[in-house]
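> Structure incoming, see below.
No lab work stands behind these numbers, since they all come straight from the coordinates. None of these values were measured; they are calculated from a predicted model. With ideal geometry, Cβ positions are generated from the backbone for all residues, glycine too; neighbour counts draw on all protein chains shown.
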Amino acid sequence: MGQVIEKVIVQNLEDIFLFKRGECEKGSIRTIKMEAIVDTGASLLCLLPSAIRQLGLHDSKSRCVRTANSVVERRIFKGANIIIRDRDMSMSVMESDETTPALIGCLVLEALDFVVDPVAKKLLPNPDHNGEWMTDVFLSQTR
């Protein structure tokens with residue numbers, strides 16, 4: 001089984017709001033386009049510190065993270081708009097180190113309703129939803 005690579009666009013959400021209010025031009029929305037490894041073992045979108053600086057995201061908190069090598073502390077940043085294909089979601093991103101490639105984690109996949117086909121090495125729209133972007137919300141009633 002090989003790596004699944006996907007194109008991702010990340011934008012500064014504050015810049016998007018400024019544009020929508022007419023306070024800046026569309027071209028001033030800080031945006032990065034990159035290829036990232038789909039990693040279902042990761043939770044969030046993990047970006048290089050240089051990418052986070054380029055986007056101008058705000059440091060929110062730190063969290064202990066278990067990596068393949070050790071437990072490390074990583075910073076979480078708010079204010080990212082993540083776009084994969086025609087689907088976008090605003091969520092926090094995690095800072096990686098400068099030697100780790102960008103990773104698309106399982107929370108991003110779940111939010112955007114994608115699944116991984118490891119044989120074809122592709123990201124697919126969730127076939128349970130006929131390829132349409134859908135969010136599952138199940139309520140349980142207890143008495």
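> In region 21-37, which residues are out of contact with any Asp or Glu (no Cβ under 9 Å at 6 or more places or on another chain), closer than 24 Å to VAL108 by Cα and not aliphatic (A, V, I, L, M)?
LYS33
Here is a yes/no grid of residues against (1) surrounded by 12 or more Cβ atoms within 10 Å (Cβ to Cβ); (2) assigned to a loop (DSSP other than H, G, I, E, B); (3) out of contact with any Leu (no Cβ under 6 Å at 6 or more places or on another chain):
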| site | (1), (2), (3) |
| --- | --- |
| LYS7 | yes, no, yes |
| LYS33 | no, no, yes |
| GLY41 | no, yes, yes |
| ALA51 | yes, no, yes |
| ARG74 | yes, no, yes |
| GLY79 | yes, no, no |
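> Same structure, new question: If you take the residues of region 98-115 that are β-branched (Val, Ile, Thr) and in contact (Cβ under 8 Å) with a residue 24 or more places away in the chain, which of them is farthest from ILE82 (Cα to Cα)?
Here the residue is THR100.
> To continue, here is another question. Of all the residues that make up region 116-143, how many are in contact (Cβ under 8 Å) with a residue 40 or more places away in the chain, farther than 28 Å from LEU57 by Cβ and either hydrophobic (A, V, I, L, M, F, W, C) or part of a helix (DSSP H, G or I) (or both)?
1
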